[in-house]
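**Student:** A single structure is presented below for examination.
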Amino acid sequence: MMNEKQLAAEKSIDYIKDGITLGLGTGSTVFFLVNKLAELVKHGLDVKCVSTSYQTSELAKNLGINTMQLNEVDYIDLTIDGADEVDRKLNGIKGGGGALLFEKIVATESKKVIWIVDSSKFVKKLGRFPLPVEVIPLAANHIIKRFKESGYNPIIRMNESKNYLTDSGNEIIDLHLHEIEDSIKLEQDIKLIPGVVEVG
Ligand code: 5RP
């Protein structure tokens, strides 16, 4: 039986029209999308894809999907991506898979963005899922100190015994906030700190 992630992912295929430039997100939900898309491509669907991570690029290329660099396309018609948490106003948290920077760039250059999420991702208030902040490694300890002072409960993301590195060679600090009152203001405040690259 299909799980909710797969159902959501495969439903989003309905929005992919022949000839479009498509942004592909990252994560286990997008995995189902890319696999289904590959079937359609084999049957003649013509799409140019821009990926949001090394992980998705490799998957797409191995399945025979035409992938391009963001700088090689003029615009993206539609991006389909997952999300870690979504509230009723469709504010969300992204970056659980570490691809927040490219995901936000690709989404910003897209005419339309669809998030494919299962029911476990819906929350009344954002913050149960730790908020990822991508930072320049040189500044990480100082930014962690600032976050501690602000009561944000920061934890540096690890990959086994080493600090996790994004596709851009940056580190991620996950903020265990539990509840976010004003997500827009929080994002703006965090982005003002030098060394912060992006907020999920
Ligand atoms: C990656 C992301 C993903 O979209 C998010 O983590 C959801 O992942 P999944 O589909 O595996 O639940 O933001 O940076």
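**Student:** Could you work out the local net charge near Leu165, counting Lys and Arg as +1, Asp and Glu as -1, over the other residues with Cβ closer than 11 Å to its Cβ?
**Tutor:** -1
**Student:** In nm, to one decimal, how far is the modelled label at Tyr164 from the one at Ser120, with both set 7 Å along Cα→Cβ?
**Tutor:** About 1.6 nm separates the two model spin labels.
**Student:** Taking a 25 Å limit on the Cα-Cα distance, which of the listed pairs Lys89/Lys145; Lys5/Lys145; Lys94/Lys162; Lys48/Lys89; Lys121/Lys145; Lys104/Lys191 fall beyond it?
**Tutor:** Lys89/Lys145; Lys5/Lys145; Lys48/Lys89; Lys121/Lys145, as the Cα separations exceed 25 Å there.
**Student:** Ile155: net charge of surrounding residues, Cβ under 12 Å, Lys/Arg +1, Asp/Glu -1, itself excluded?
**Tutor:** Net of charged neighbours comes to 0.
**Student:** Summing +1 for each Lys or Arg and -1 for each Asp or Glu, what net charge is found among the other residues whose Cβ lies under 10 Å from the Cβ of Pro132?
**Tutor:** Local net charge: -2.
**Student:** I've got another one for you. Return the whole-Å distance between the Cα centroid of segment 25-70 and the Cα centroid of segment 81-99.
**Tutor:** About 20 Å separates the Cα centre of segment 25-70 from the one of segment 81-99.
**Student:** I'd like the antiparallel share, as a percent to the nearest 5, of DSSP beta bridges with both residues in the chain.
**Tutor:** 50
**Student:** Something else about it: Treating only the Cβ atoms of Lys and Arg (+1) and Asp and Glu (-1) as charged, compute the dipole magnitude of the chain about its Cα centre; round to the nearest 20 debye.
**Tutor:** 300
**Student:** For segment 1-91, place one equal point scatterer on every Cα, skip the solvent, and apply the Debye formula. What is log10 of I(q)/I(0) at q = 0.19 Å⁻¹?
**Tutor:** Scattering profile of segment 1-91, log10 relative to I(0): -0.86.
**Student:** Go through Gly23, His43, Gln69 and say which Cα lies farthest out towards the positive end of the charge dipole of segment 17-102; charges sit on Cβ, +1 for Lys and Arg, -1 for Asp and Glu.
**Tutor:** The one lying farthest along the dipole's positive direction is His43.
**Student:** Here is a further query. Give me the extension gain from Glu149 to Lys42: residue separation times 0.36 nm, minus the current Cα-Cα distance, reported in nm with one decimal.
**Tutor:** 33.2 nm
**Student:** What is the dipole size for segment 69-111, taken about its Cα centre, with +1 at each Lys and Arg Cβ and -1 at each Asp and Glu Cβ, in debye to the nearest 20?
**Tutor:** Its charge dipole is roughly 220 debye.
**Student:** How large is the dipole of segment 91-186 about the Cα centre if only Lys and Arg carry +1 and Asp and Glu carry -1, each at its Cβ, rounded to the nearest 20 debye?
**Tutor:** 220
Taken together, the values in this text are just the output of simple stated rules run on the coordinates, not laboratory data. Everything quoted here is computed from the prediction, not taken from an experiment. Neighbour counts run over all protein chains shown; Cβ positions are idealised from the backbone, glycine included.
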